[in-house]
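The values are calculated or read from the model by the stated rules, or taken from the named source; none is laboratory data. It should be emphasised that the depicted structure is a prediction, and the values quoted were computed from it without experimental measurement. For neighbour counting, all protein chains shown are included, and Cβ atoms are generated from backbone atoms with ideal geometry for every residue, glycine included.
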Amino acid sequence: MAKTQERIRLRERRRQRARQHIEGTSERPRLAIFRSAKHISAQIIDDTAGRTLAAASSVSADMPGGGNIAGAKAVGKAIAEKARSASITKVCFDRGGNLYHGRVKALADAAREAGLEF
């Protein structure tokens, strides 16, 4: 139990450290990633207005794979399509304190391939 709490605390510290430098504006909103044990989700957020502009998650029924790498790729493609429909092409990437590999990297690569720039 103590190791789990320590891991959560350290991830929260990494997230706070990164958020000191990353801020989503209306010209370049923030692509925020949340990774749980079973699922992965992404939101495009305008921090100046405090609004979520687009969101995609592996929880929805039409996403294959759940929270694995295939699911992360599907979420990355879906978030890029929703961003394109909202006239968003450039974002700043917020990995949420997670390491940039595995599911987080797969989501980012799929979003780049689908047309998002970051």
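Annotation: residue 58 fulfils all but one of (1) hydroxyl-bearing (Ser, Thr, Tyr); (2) in contact with a helix residue (DSSP H, G or I) (Cβ under 9 Å, 6 or more places away or on another chain); (3) farther than 18 Å from residue 114 by Cβ; the unmet one is (3).
Out of curiosity, is residue 18 of a type in the set (Gly, Ala, Ser), surrounded by fewer than 16 Cβ atoms within 10 Å (Cβ to Cβ), closer than 21 Å to residue 115 by Cα and in contact (Cβ under 8 Å) with a residue 40 or more places away in the chain?
On the way: of a type in the set (Gly, Ala, Ser): yes; surrounded by fewer than 16 Cβ atoms within 10 Å (Cβ to Cβ): yes; closer than 21 Å to residue 115 by Cα: no; in contact (Cβ under 8 Å) with a residue 40 or more places away in the chain: yes.
Here the answer is no, as residue 18 does not meet what is asked.
Can we say residue 25 is at pLDDT below 95, outside any loop (DSSP other than H, G, I, E, B), of a type in the set (S, T, N, Q) and surrounded by fewer than 16 Cβ atoms within 10 Å (Cβ to Cβ)? Considered against the rule, which asks whether it is at pLDDT below 95, outside any loop (DSSP other than H, G, I, E, B), of a type in the set (S, T, N, Q) and surrounded by fewer than 16 Cβ atoms within 10 Å (Cβ to Cβ), residue 25 comes out as no.
Tell me the residue from 32, 56, 106, 42 that is among the hydrophobic types (A, V, I, L, M, F, W, C), buried (at least 21 other Cβ atoms within 10 Å of the Cβ), under 13 Å from the mean Cα position of the chain (by Cα) and more than 24 Å from residue 4 (Cα to Cα), please.
Numbers: 32 fails: more than 24 Å from residue 4 (Cα to Cα); 106 fails: buried (at least 21 other Cβ atoms within 10 Å of the Cβ); 42 fails: more than 24 Å from residue 4 (Cα to Cα).
Only one candidate qualifies: 56.
The rows are residues; the columns are (1) β-branched (Val, Ile, Thr); (2) surrounded by fewer than 14 Cβ atoms within 10 Å (Cβ to Cβ); (3) in contact with a Phe, Trp or Tyr (Cβ under 9 Å, 6 or more places away or on another chain); (4) in a helix (DSSP H, G or I).
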residue: 60; (1), (2), (3), (4): no, yes, no, no
residue: 65; (1), (2), (3), (4): no, no, no, no
residue: 72; (1), (2), (3), (4): no, no, no, yes
residue: 77; (1), (2), (3), (4): no, no, no, yes
residue: 81; (1), (2), (3), (4): no, no, no, yes
residue: 87; (1), (2), (3), (4): no, yes, no, no
residue: 93; (1), (2), (3), (4): no, no, yes, no
residue: 99; (1), (2), (3), (4): no, yes, no, no
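Total residues in region 101-118 satisfying the condition of being under 24 Å from residue 85 (Cβ atoms), without any contact (Cβ under 8 Å) to a residue 60 or more places away in the chain and outside any helix (DSSP H, G or I): the figure is 3.
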